[in-house]
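Working notes, beginning with the structure itself.
The values are calculated or read from the model by the stated rules, or taken from the named source; none is laboratory data. Keep in mind it's a predicted model, so treat the numbers as computed, not measured. A quick note on method: Cβ atoms are made from the backbone with ideal geometry, for glycine too, and the neighbour counts reach across all protein chains shown. For accessibility, only protein heavy atoms count, side chains too; no ligands or nucleic acids. Shrake-Rupley method; radii C 1.70, N 1.55, O 1.52, S 1.80 Å.
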Amino acid sequence: MEVRVQNIRKEFGRYPALEDVSLDIRSGELIALLGPSGSGKTTLLRLIAGLESPTEGTIFFGNEDASQKSVQQRNIGFVFQHYALFRHMTVLDNISFGLKVRPANRRPPAAEIRRRALDLLELVQLSGLEKRYPAQLSGGQRQRVALARAMAVEPNVLLLDEPFGALDAQVRKELRKWLREIHDRTGHTTVFVTHDQEEALELADRVVVMSKGAIEQVGTPDDIYDHPVSPFVYGFIGQSNCLDVTLAGGEIWFEDRPIGLRAANEPDGPATLYFRPHDIELLDGCGGCLAGLVTASRRVAGTRHLEVSLGGTQPSVEIELPPERASSTDHSRVAFRPTRWKLYREASDVAAASVQAQTSAIELAPTGT
Amino acid sequence: MALDTGSASNTTLPNLVKAATSETRLARATLIAVALGFVGLFLLLPLATVFIEAFRKGADEFLSALGDPETFSAILLTLTVAGIAVPLNLAFGVAAAWAIAKFEFKGKAFLTTLIDLPFSVSPVISGLVFVLLFGANNALGPILQSYGVQILFAVPGLVLATVFVTFPFVARELIPLMQEQGTSDEEAALSLGATGWQTFWHVTLPNIKWGLLYGVLLCNARAMGEFGAVSVVSGHIRGETNTMPLQVEILYNEYNFVAAFAVAALLALLALVTLILKTALELRYSHEIAASRSH
């Protein structure tokens with residue numbers, strides 16, 4: 001089912017947790033709410049569920065205004081970070097709970113409930129464990145039971161609050177893949193909250209990046225990674241370097257020299273240059289480039305990470321190279337130039353009135369020359 | 001054969017590999033002796049004395065002392081008062097613990113403090129409060145009396161005083177437990193479509209049942225044994241408003257030692273049964289209790 005969040009504001013006491021948030025969730029999509037802690041992602045999820053009520057704004061399930069409905073009436077499936085399984089019930093009783101508590105006129109017969117619970121248990125690959133208690137299961141198994149329990153009520157939307165947060169890395173990876181499979185098979189509209197960008201980018205159809213109670217960007221994982229709309233998203237998703245630079249005559253200057261990158265049609269003034277460690281080309285000495293001393297070198301899986309001090313007061317940057325190229329470079333000095341980069345400017349950075357309000361971004365492919 | 005390197009090094013270097021928290025044998029023996037000696041002197045010895053005195057003149061005398069009509073009515077009254085006060089405090093304790101652990105509201109800290117009041121106030125004052133409230137010189141007493149309701153020097157007064165004194169037991173036991181368990185189990189149940197009542201009955205209650213049972217047992221032990229508050233509101237009408245503890249005092253003051261100790265022994269026995277019951281339940285369901293605390 002399609003879910004539309006419209007101009008939601010939520011305050012806890014006098015502290016605002018969400019400010020004017022709007023989001024369209026398409027039917028059948030797997031969408032991630034991603035952000036650092038305190039960004040309001042869990043609050044948004046709980047508002048959709050009906051576990052909290054908004055200070056202002058509306059939430060639609062399809063064409064129905066769900067904000068007037070209680071959590072019971074919304075028919076959602078909620079999966080908690082710490083599973084929240086009923087510890088005194090067996091796995092089977094946990095899964096069938098949502099069906100058993102229905103009023104008699106909507107409750108399936110006992111045999112049907114049992115059959116559906118066993119089917120779900122098979123779906124989450126835990127057949128044979130129906131008589132176990134939650135305490136007798138591993139963390140990963142408990143979370144599977146929690147998911148089966150949430151799906152048993154055939155929810156309008158499945159909401160998962162940091163579903164893999166309490167699990168160790170190996171199990172997490174497995175469950176991630178498995179959740180994607182389950183989603184593709186069942187087609188439930190699914191919203192999950194995570195602070196793990198890798199999880200969001202790998203699993204979701206679309207990612208909602210949140211910060212300080214507001215949505216920064218909504219897009220596919222590719223969009224978010226390749227075309228971040230704000231410095232926050234650039235910095236939060238993936239590795240990035242940022243340098244304070246100056247624009248003069250359409251050229252980007254770092255400290256006292258141009259670095260061979262052009263930003264035509266931009267007024268002169270200070271700006272911040274963002275680029276990813278792997279989006280660089282090595283140069284053999286240069287007239288216009290970034291150059292510095294390699295201060296540290298680490299091998300991380302298939303690439304070598306070099307920490308380069310550019311001198312001056314700026315923090316050192318990190319670049320990534322294939323190991324064979326890294327070893328061929330002079331280990332004390334490298335020259336390089338970003339191949340993909342982005343320039344962010346605060347409105348106050350630019351005196352000229354022609355610049356749009358707040359942040360303007362210039363995004364460029366290689367300069368070509 | 002497997003070589004246990006740990007014990008091997010222990011034998012060669014006994015003093016270097018001692019665990020940081022282990023004590024010398026002498027210190028351990030002293031501590032245990034002090035603890036056991038204390039328990040023996042201040043708990044077991046008096047308790048044993050009660051039973052020895054009760055049976056000093058044989059079992060027949062013991063039984064006839066308990067069969068005395070006044071004593072018998074005191075036993076019945078104690079059971080009646082506990083039978084009313086404990087369920088009342090059970091309901092109150094669950095409600096208060098629920099409110100404090102699961103909701104945020106103004107005056108929460110005040111309520112939490114207030115629950116402890118009966119623990120910090122002398123029982124005599126607890127009784128006196130009701131005498132002041134319902135006494136003949138006050139507004140409430142005569143009004144109720146005109147409707148034929150007798151509070152003081154009757155069962156209602158005894159129940160009120162007992163409820164007041166045993167008020168914190170259930171709530172105190174449940175509040176930390178429920179706070180620790182949080183609200184996500186309830187939220188899970190609600191999100192699955194359960195009503196508030198279904199959530200309470202199928203999820204909350206099973207989660208707190210051991211704490212609840214423990215609280216009720218302690219509450220019951222105190223309800224039966226309360227002396228001070230009950231003494232003030234009772235009026236000491238023989239065969240009518242004397243509970244077991246009051247009866248013990250009366251018999252003792254009349255130098256009827258065997259009867260006094262017989263009733264005391266019965267009272268002590270009730271307390272012992274309560275404790276034994278609690279321990280037995282803990283042993284029997286230790287797995288479940290551990291699971292419900294951790295998980």
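Remarks
- In segment B:146-164, the residues that are exposed (fewer than 15 other Cβ atoms within 10 Å of the Cβ) and in contact with a helix residue (DSSP H, G or I) (Cβ under 9 Å, 6 or more places away or on another chain): B:Val149, B:Gln150
- For beta carbons closer than 7 Å, sequence separation of 6+ or different chains, a first residue in segment B:56-69 that is at pLDDT 85 or above and a second that is not in a helix (DSSP H, G or I), the qualifying pairs are B:Phe62/B:Phe55; B:Pro69/B:Gly239.
- Note on segment A:109-137: residues that are within 13 Å of chain B (Cβ to nearest Cβ), assigned to a loop (DSSP other than H, G, I, E, B) and open to solvent by less than 30 Å² (accessible area, probe 1.4 Å) amount to 1.
- When B:Glu186 is tested against the conditions (1) surrounded by 22 or more Cβ atoms within 10 Å (Cβ to Cβ); (2) within 14 Å of chain A (Cβ to nearest Cβ), the lone failure is (1).
- Taking segment A:214-281 and the strands (runs of 3 or more DSSP E) fully enclosed by it, no element has 1 or more residues that are of a type in the set (Asp, Glu) and open to solvent by less than 20 Å² (accessible area, probe 1.4 Å).
- Filtered residues of segment A:138-175 (kept if part of a helix (DSSP H, G or I), open to solvent by 10 Å² or more (accessible area, probe 1.4 Å), more than 12 Å from chain B (Cβ to nearest Cβ) and not small (Gly, Ala, Ser)): A:Gln141, A:Arg144, A:Gln170, A:Val171, A:Arg172, A:Lys173, A:Glu174
- For B:Leu266, the requirement of being of a type in the set (A, V, I, L, M), open to solvent by 40 Å² or more (accessible area, probe 1.4 Å) and free of Cβ contacts under 8 Å to residues at least 60 places away in the same chain is not met.
- Filter pass, B:Thr113 being at pLDDT 90 or above, of a type in the set (S, T, N, Q) and open to solvent by 60 Å² or more (accessible area, probe 1.4 Å): no
- Figure legend. Inter-residue proximity from segment A:246-260: first residues acidic (Asp, Glu), second residues part of a strand (DSSP E or B) and modelled with pLDDT of 80 or more, beta-carbon distance below 8 Å, spacing 6+ or different chains. Indicated pairs: A:Glu251/A:Pro258; A:Glu251/A:Leu261; A:Glu251/A:Arg262.
- Verdict on B:Phe105 being within 14 Å of chain A (Cβ to nearest Cβ), in contact with a helix residue (DSSP H, G or I) (Cβ under 9 Å, 6 or more places away or on another chain) and in a loop (DSSP other than H, G, I, E, B): yes
- Hits in segment A:239-271 (condition: of a type in the set (Gly, Ala, Ser) and in contact with a Phe, Trp or Tyr (Cβ under 6 Å, 6 or more places away or on another chain)): A:Ser240
- Unmet requirement for B:Gly135, which otherwise passes all of (1) free of Cβ contacts under 8 Å to residues at least 60 places away in the same chain; (2) open to solvent by 50 Å² or more (accessible area, probe 1.4 Å): (2)
- Screening B:Ser231 with (1) open to solvent by 30 Å² or more (accessible area, probe 1.4 Å); (2) more than 10 Å from chain A (Cβ to nearest Cβ); (3) polar (S, T, N, Q) gives one miss only, at (1).
- Residue that is modelled with the lowest pLDDT [pool: residues in segment A:311-369 that are within 18 Å of A:Ala248 (Cα to Cα) and part of a helix (DSSP H, G or I)]: A:Asp349
- Residue within segment A:202-211 that is farther than 23 Å from A:Ala17 by Cβ, within 12 Å of the chain's Cα centre (by Cα) and open to solvent by 40 Å² or more (accessible area, probe 1.4 Å) present: yes
- Reported count of residues in segment A:99-108, each being among the hydrophobic types (A, V, I, L, M, F, W, C), open to solvent by less than 60 Å² (accessible area, probe 1.4 Å) and more than 9 Å from chain B (Cβ to nearest Cβ), is 0.
- 3 or more residues more than 10 Å from chain B (Cβ to nearest Cβ): qualifying strands (runs of 3 or more DSSP E) within segment A:1-98: A:3-12, A:15-25, A:30-34, A:56-61
- Filter pass, B:Leu212 being touching a residue at least 40 places away in the same chain (Cβ under 8 Å), open to solvent by less than 40 Å² (accessible area, probe 1.4 Å) and more than 10 Å from chain A (Cβ to nearest Cβ): yes
- Verdict on B:Ala171 being surrounded by 23 or more Cβ atoms within 10 Å (Cβ to Cβ), in a helix (DSSP H, G or I) and more than 14 Å from chain A (Cβ to nearest Cβ): yes
- Residues of segment A:207-227 that are of a type in the set (Ser, Thr, Tyr) and in contact (Cβ under 8 Å) with a residue 40 or more places away in the chain: A:Ser211 alone.
- Taking segment B:190-201 as the range and being more than 7 Å from every other protein chain (Cβ to nearest Cβ) and either surrounded by 19 or more Cβ atoms within 10 Å (Cβ to Cβ) or acidic (Asp, Glu) (or both) as the test, only B:Thr199 passes.
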